[in-house]
Amino acid sequence: MQRLRDLSRLVEAVYDELDHTFGTYQRNSGLACRPGCGACCNNPEIEATPLEMLPLALTFYDQGRAEQVLAELEAYSGFACYHYVRHSLDGILGQCGVYQQRPAICRMFGAAGVKGKQGETRLSVCRTIKQDHSDKYQQTLITMLTEPAPKMAEGKDRVRQLDYALGKQDMPINQALKVAIERVLFIAYYSGFEQTEEVA
Ligand code: SF4
Ligand code: SF4
């Protein structure tokens with residue numbers, strides 16, 4: 001279990017770097033999210049790896065809620081990330097219910113770099129941000145020629161390389177959390193078993 005906790009701390013350290021790198025880029029370019037918008041969380045197909053969900057899975061375990069959340073995820077048939085808190089009926093407005101432990105993709109999405117067909121870095125900006133900041137978007141396209149945006153794929157890889165087994169597969173975000181919680185419960189079960197054996 002200690003190995004899983006150490007791994008989770010390494011993931012969180014990378015998250016601090018991603019927050020800094022992508023947050024700074026988005027602030028400096030003026031391509032910030034629309035206040036109150038949560039439209040991209042209103043979609044269960046957002047992809048993450050179980051490794052990205054490990055800090056959240058461990059938090060639920062430490063709170064004694066891991067089995068409960070697992071059961072809720074299994075029964076969940078909503079059309080959003082399970083942790084999205086809607087503030088409007090259509091789901092456009094809302095907020096993250098697990099902001100501190102959100103996965104890597106949620107720390108980078110909005111305005112960031114993606115790899116183009118020729119290997120070049122292209123600017124990816126969500127439609128809402130483009131509408132709200134069309135001048136800054138045009139300006140940033142020009143700036144990209146000399147100052148490329150940080151790439152989301154590199155951010156994902158920074159996490160992935162910490163543990164290839166848990167980090168290799170992207171899957172829908174709610175499924176990724178399920179797999180991470182199952183992993184935590186599995187390791188916790190066998191850690192307890194080993195401790196009992198040692199005592200006996
Ligand atoms: S974890 Fe939070 S930020 Fe990421 S998709 Fe879910 S609600 Fe949105
Ligand atoms: S990235 Fe775009 S859709 Fe997502 S919260 Fe920001 S403004 Fe809204």
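The values are calculated or read from the model by the stated rules, or taken from the named source; none is laboratory data. In this text the structure is predicted, and so the values were computed from the model without any measurement. As a convention, Cβ positions derive from the backbone with ideal geometry for all residues, glycine included, and neighbour counts pool all protein chains shown. In case anyone asks, the SASA skips ligands and DNA or RNA and just uses the protein heavy atoms, side chains included. Shrake-Rupley method; radii C 1.70, N 1.55, O 1.52, S 1.80 Å.
Tabulated values for the structure
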read-out	value
Answer residue from segment 97-113, given it is hydrophobic (A, V, I, L, M, F, W, C) and open to solvent by less than 40 Å² (accessible area, probe 1.4 Å) and is nearest to ligand 1 (Cβ to nearest atom) among those	VAL98
Residue match in segment 128-143 (condition: within 16 Å of ligand 2 (Cβ to nearest atom), within 24 Å of the chain's Cα centre (by Cα), exposed (fewer than 11 other Cβ atoms within 10 Å of the Cβ) and on the phi < 0 side of the Ramachandran plot)	no
Qualifying residue in segment 31-45 (condition: touching a Phe, Trp or Tyr at 6+ places or on another chain (Cβ under 9 Å) and part of a helix (DSSP H, G or I))	yes
Among (1) modelled with pLDDT under 95; (2) farther than 21 Å from ASN28 by Cα; (3) surrounded by 14 or more Cβ atoms within 10 Å (Cβ to Cβ), the one test that GLY94 misses	(1)
Filter result for SER88 (open to solvent by less than 40 Å² (accessible area, probe 1.4 Å), without any contact (Cβ under 8 Å) to a residue 24 or more places away in the chain, within 14 Å of ligand 2 (Cβ to nearest atom) and more than 23 Å from LEU10 (Cβ to Cβ))	yes
Given (1) closer than 26 Å to ILE187 by Cα; (2) touching a Ser or Thr at 6+ places or on another chain (Cβ under 7 Å); (3) of a type in the set (D, E, K, R), number of the condition ARG34 does not satisfy	(1)
Test result for VAL184, in contact with a helix residue (DSSP H, G or I) (Cβ under 7 Å, 6 or more places away or on another chain) and either closer than 18 Å to ARG27 by Cα or modelled with pLDDT under 95 (or both)	no
Filter result for the condition that a residue is over 20 Å from LEU58 (Cα atoms), among the hydroxyl-bearing types (Ser, Thr, Tyr) and in contact with a Leu (Cβ under 7 Å, 6 or more places away or on another chain), over THR121, THR128, THR140, THR146	THR140
When residues of segment 64-84 are limited to those that are without any contact (Cβ under 8 Å) to a residue 40 or more places away in the chain and farther than 21 Å from VAL184 by Cα, the one nearest to ligand 2 (Cβ to nearest atom)	ALA80
Residue among THR24, THR59 that is of a type in the set (Val, Ile, Thr) and either at pLDDT below 95 or surrounded by fewer than 15 Cβ atoms within 10 Å (Cβ to Cβ) (or both)	THR24
Condition check for ALA75: in contact with a Leu (Cβ under 9 Å, 6 or more places away or on another chain), of a type outside the set (D, E, K, R) and more than 27 Å from PRO148 (Cβ to Cβ)	no
